[in-house]
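Everything on this sheet refers to the single structure shown next.
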Amino acid sequence: MSTHTLSDRKAAMGLLARARPDRLAAVFPDMPDSTLLRGPETGAVMVRGRQGGTGAPFNLGEVTITRCSVQLPCGTVGHAHVQGRDKAHARRAAVLDALLQTQDAEALTRAVLSPLAAEETARRETRARKAAATKVEFFTMVRGDD
């Protein structure tokens, strides 16, 4: 078994779910044999929000997701939930989740997770630069009226 902690797995699963399906397929093209335990199947989940981030929760709306669970020949089980209807993305992410629980975790982290994380960081930085370019500074002028 791998020495990955639960927080490592959570972070890896989040990264795989947010990865562009074509990039995930490019960095992990050959999937090993696995048995489908569930899915891939598409459904909807309710997204909840909080006003101001701390207020009472409210239902924001539904989001389409695809979920999948697989089992490797060694018995390791992997799960994935991805936004949208891409069943191949969900299955590939579930297989990777299972493989990241095996002795192959370090090699897969270098070959798959690290490039995806670097690309995600670059996308976020680009988005932040574009947003910063549109920032407007407001100021209040004091009127002479009392």
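The values are calculated or read from the model by the stated rules, or taken from the named source; none is laboratory data. All of these numbers come straight from a predicted model, not from anything done at the bench. Counting neighbours? That spans all protein chains shown, and the Cβs are built from the backbone with ideal geometry, glycine included.
When every residue of segment 9-28 is checked against the conditions, at least one turns out to be exposed (fewer than 15 other Cβ atoms within 10 Å of the Cβ) and in a loop (DSSP other than H, G, I, E, B).
Considering segment 29-60 alone, what residues qualify as being surrounded by 10 or more Cβ atoms within 10 Å (Cβ to Cβ), assigned to a loop (DSSP other than H, G, I, E, B) and hydrophobic (A, V, I, L, M, F, W, C)? Correct list: 31 only.
Cβ contacts < 8 Å: first residue closer than 12 Å to residue 28 by Cα and touching a residue at least 12 places away in the same chain (Cβ under 8 Å), restricted to segment 95-109; second residue part of a helix (DSSP H, G or I) and of a type in the set (Val, Ile, Thr), any location; separation 6+ or different chain. Result? What qualifies is 96/112. Against the numbered list (1) surrounded by 14 or more Cβ atoms within 10 Å (Cβ to Cβ); (2) part of a helix (DSSP H, G or I), residue 101 comes up short only at (2). The numbered conditions (1) closer than 14 Å to residue 113 by Cα; (2) small (Gly, Ala, Ser); (3) at pLDDT below 95 are all true for residue 93 except (3). How many residues are closer than 18 Å to residue 81 by Cα and in contact with a helix residue (DSSP H, G or I) (Cβ under 8 Å, 6 or more places away or on another chain) if we restrict to segment 21-30? Selection size over segment 21-30: 5.
Restricting segment 111-125 to residues that are under 21 Å from residue 99 (Cα atoms) and of a type in the set (A, V, I, L, M, F, W, C) leaves a set whose member that is surrounded by the fewest Cβ atoms within 10 Å (Cβ to Cβ) is 118. Is it true that some residue in segment 67-87 is assigned to a helix (DSSP H, G or I) and either within 23 Å of residue 122 (Cα to Cα) or touching an Asp or Glu at 6+ places or on another chain (Cβ under 9 Å) (or both)? Yes, the conditions are met somewhere in segment 67-87.
Rundown of residues vs (1) under 21 Å from the mean Cα position of the chain (by Cα); (2) in contact (Cβ under 8 Å) with a residue 24 or more places away in the chain; (3) at positive phi, yes/no style:
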residue: 26; (1), (2), (3): yes, no, no
residue: 34; (1), (2), (3): no, yes, no
residue: 46; (1), (2), (3): yes, no, no
residue: 49; (1), (2), (3): yes, no, no
residue: 56; (1), (2), (3): no, no, no
residue: 62; (1), (2), (3): yes, no, no
residue: 77; (1), (2), (3): yes, yes, no
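Residue-wise test of (1) at pLDDT 90 or above; (2) over 16 Å from residue 19 (Cβ atoms); (3) assigned to a loop (DSSP other than H, G, I, E, B).
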| site | (1), (2), (3) |
| --- | --- |
| 115 | yes, no, no |
| 119 | yes, no, no |
| 125 | yes, yes, no |
| 132 | no, yes, no |
| 138 | no, yes, yes |
